Amino acid sequence: MARKQLIWNKQDECMTDSKKEALQLERLQKLVARVYDKVPFYKESFDKAGVKPSDIQSMKDISKLPFTTKNDLAANYPFGMFAVPMKEVVRIHSSSGTTGKPKVAGYTRNDIKMWAETTARTLVCGNTTADDVVQNAYGYGLFTGGLGMHYGAENIGAAVVPISGGNTKRQLLVMQDFGTTKLCSTPSYCLFLSEAIREEGLEGKLKLNCAFLGAEPWTRELREQIEKNLTIDAIDIYGLTEVIGPGVSSDCLEKTGLHIFDDYFYPEIIDPVTEEPLPYGETGELVFTTLTKEAFPVIRYRTRDISRLMPGECACGRTHVRMARLTGRTDDMLIVRGVNVYPSQIEALLVQIPGVEPHYQILVDRKGAMDTLEIWVEVSENVFSDEIKNLEKLEKKIARDMESSLLIGVKMKLVEPKSIQRSEGKAVRIIDRRTVYDKE
Ligand code: DLL
């Protein structure tokens, strides 16, 4: 219904199941043949699994293909997974990997065009039109959030304000003076902004009506709080660097599951232990195949994100398969202020520091709307008995090194030997006091 009033109303976004499956199959067959030919990693892994591109005769046959994991990306760092020569790559983004090596995503001109379409669809899910002023508070840079949403908003013809994250005073100034109607940010930053808006007495004086929030887990309660604080719709948007960035799936205003743009990103749910595909409705690990990506296609990429797929048409009229909001991850990746942090990255840095013992604890908490990250690590007797000022100097130096590797502010605390509780089984490295996922 509301959809018909939108400028962005491409026919090919809404299709019958049979038309969609035919399109997906045609794209999958081309993709599989191409990666087999162009990416040595895929040739080797298909050969090992005994599968040939010609074996893909229906979408069900996708389960014959082997999975791709973050370890495969690390082993082929930085450009080994690319399926085009570098002269065709026009953009590179990246996000944290498990150790020192980030995950690297390349895009051709066509990939950027497709991405600008799926992020436009995302924004249209919240009724964005050419009349809107979109304040984009996702970080611009290697992170996909800023530029990803930027191109989508421009594609619709909205006026984008590329303000990036932080500088809350300026965010509020822009919001008032430029008449921002749509906001793109992480949910935690949006909550922070909503509190600043209240403190400044700006409630009811802004034109903001919708926010596109993602890049980190958040609960239904947080959504309700944001919607109440700002009297807006808060739309959950999902994506990951390895698949494209934002623009993989999005809530619409019905808020009954995120529409996966499945003409470009084919979703599956698998049992993370047996690796068997699970039927619609069952909860498991999300797996994506990028059906048309040229520079950095992924086949059956294991996201580690936990969700379930929901078939059936949405009341908004869109026909995509929907996914439930995420309920967790199958690995230990933390997302702190929108930044992905793997404990293994922290450990890899700590073991390199002389006098630092490999006993550590990572404490994540939320103070007001802000996540905090603190690392406690034991140091040798020698280091600990040094003068306080030397200890503080060392803490600051390690914090700086951590910050430049993790790309996020960290508070370091050096503690005396044997003060971190030993565990008899698996070490308890992470204490996360936040509630970030819904309890199902
Ligand atoms: O966070 C892309 C993005 C940017 C999505 C802006 C939405 C908005 P990465 O930095 O690679 O990419 O992090 C991807 O973040 O695997 C999820 O675990 C988590 N994540 C992303 N969106 C959501 C969401 C971007 N809506 C990782 N809810 C993913 C919960 C999310 N977790």
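The values are calculated or read from the model by the stated rules, or taken from the named source; none is laboratory data. Source: prediction; values computed, not measured. Please note: Cβ atoms are built from the backbone with ideal geometry, for glycine as well, and neighbour counts cover all protein chains shown. We work out accessible area using only protein heavy atoms, side chains counted, and drop any ligands, DNA or RNA first. Shrake-Rupley method; radii C 1.70, N 1.55, O 1.52, S 1.80 Å.
Quick notes on this one:
- Residue match in the stretch 334-354 (condition: more than 12 Å from the ligand (Cβ to nearest atom), in contact (Cβ under 8 Å) with a residue 60 or more places away in the chain, in contact with a Pro (Cβ under 7 Å, 6 or more places away or on another chain) and under 15 Å from Lys411 (Cβ atoms)): no
- Scanning the stretch 205-218 for residues being out of contact with any Ser or Thr (no Cβ under 6 Å at 6 or more places or on another chain) and either without any contact (Cβ under 8 Å) to a residue 24 or more places away in the chain or within 14 Å of the ligand (Cβ to nearest atom) (or both) gives a total of 6.
- Test: residue in the stretch 254-264 that is among the charged types (D, E, K, R) and open to solvent by less than 10 Å² (accessible area, probe 1.4 Å): yes
- Considering only residues in the stretch 119-131 that are open to solvent by less than 10 Å² (accessible area, probe 1.4 Å) and part of a loop (DSSP other than H, G, I, E, B), the one that is farthest from Asn209 (Cα to Cα) turns out to be Cys125.
- The requirement of being touching a residue at least 24 places away in the same chain (Cβ under 8 Å) and either in contact with a strand residue (DSSP E or B) (Cβ under 6 Å, 6 or more places away or on another chain) or within 13 Å of the ligand (Cβ to nearest atom) (or both) is fulfilled nowhere in the stretch 191-204; no residue meets it.
- One residue stands out among those in the stretch 302-352 that are farther than 26 Å from Ala74 by Cβ, among the charged types (D, E, K, R) and more than 13 Å from the chain's Cα centre (by Cα): the one that is surrounded by the fewest Cβ atoms within 10 Å (Cβ to Cβ), which is Glu313.
- When Ser250 is tested against (1) near the ligand (Cβ under 10 Å from one of its atoms); (2) open to solvent by 10 Å² or more (accessible area, probe 1.4 Å); (3) among the small types (Gly, Ala, Ser), only condition (2) is not met.
- Residue check for Ala116: in a helix (DSSP H, G or I) and hydrophobic (A, V, I, L, M, F, W, C): yes
- Selection of the stretch 177-227 for residues being aromatic (Phe, Trp, Tyr) and crowded, with 22+ Cβ neighbours inside 10 Å yields Tyr189, Phe212, Trp218.
- The set of residues from the stretch 84-134 being among the aromatic types (Phe, Trp, Tyr) and under 26 Å from Thr180 (Cα atoms) comprises just one member, Trp115.
- Here Glu424, Glu416, Glu381 are screened, and the one residue that is without any contact (Cβ under 8 Å) to a residue 40 or more places away in the chain, open to solvent by 60 Å² or more (accessible area, probe 1.4 Å), farther than 16 Å from Ser96 by Cβ and touching a strand residue (DSSP E or B) at 6+ places or on another chain (Cβ under 9 Å) is Glu416.
- Filter result for Thr274 (away from the ligand (no atom under 15 Å from the Cβ) and under 24 Å from Ala158 (Cα atoms)): no
- Boolean, Ile235 is part of a strand (DSSP E or B), open to solvent by less than 10 Å² (accessible area, probe 1.4 Å), in contact (Cβ under 8 Å) with a residue 40 or more places away in the chain and more than 9 Å from the ligand (Cβ to nearest atom): yes
- Listed conditions (1) in a helix (DSSP H, G or I); (2) at pLDDT below 95 are all met by Glu154, apart from (2).
- A residue that is out of contact with any Asp or Glu (no Cβ under 7 Å at 6 or more places or on another chain), assigned to a helix (DSSP H, G or I), of a type in the set (Gly, Ala, Ser) and at pLDDT 95 or above cannot be found anywhere in the stretch 78-95.
- Any chance Thr283 is open to solvent by 20 Å² or more (accessible area, probe 1.4 Å), among the β-branched types (Val, Ile, Thr), free of Cβ contacts under 8 Å to residues at least 40 places away in the same chain and in the same structural domain as Arg220 (by TED's automatic domain parsing): no
- Only a single item in (1) in contact with a Gly (Cβ under 8 Å, 6 or more places away or on another chain); (2) at positive phi is not met by Gly281, and it is number (1).
- Taken together, the residues in the stretch 132-149 that are of a type outside the set (Gly, Ala, Ser), within 15 Å of the ligand (Cβ to nearest atom) and not in a helix (DSSP H, G or I) amount to 7.
- Selection from the stretch 286-296 of residues that are touching a residue at least 60 places away in the same chain (Cβ under 8 Å) and either out of contact with any helix residue (DSSP H, G or I) (no Cβ under 6 Å at 6 or more places or on another chain) or in a strand (DSSP E or B) (or both): Val287, Thr289, Thr290, Phe296
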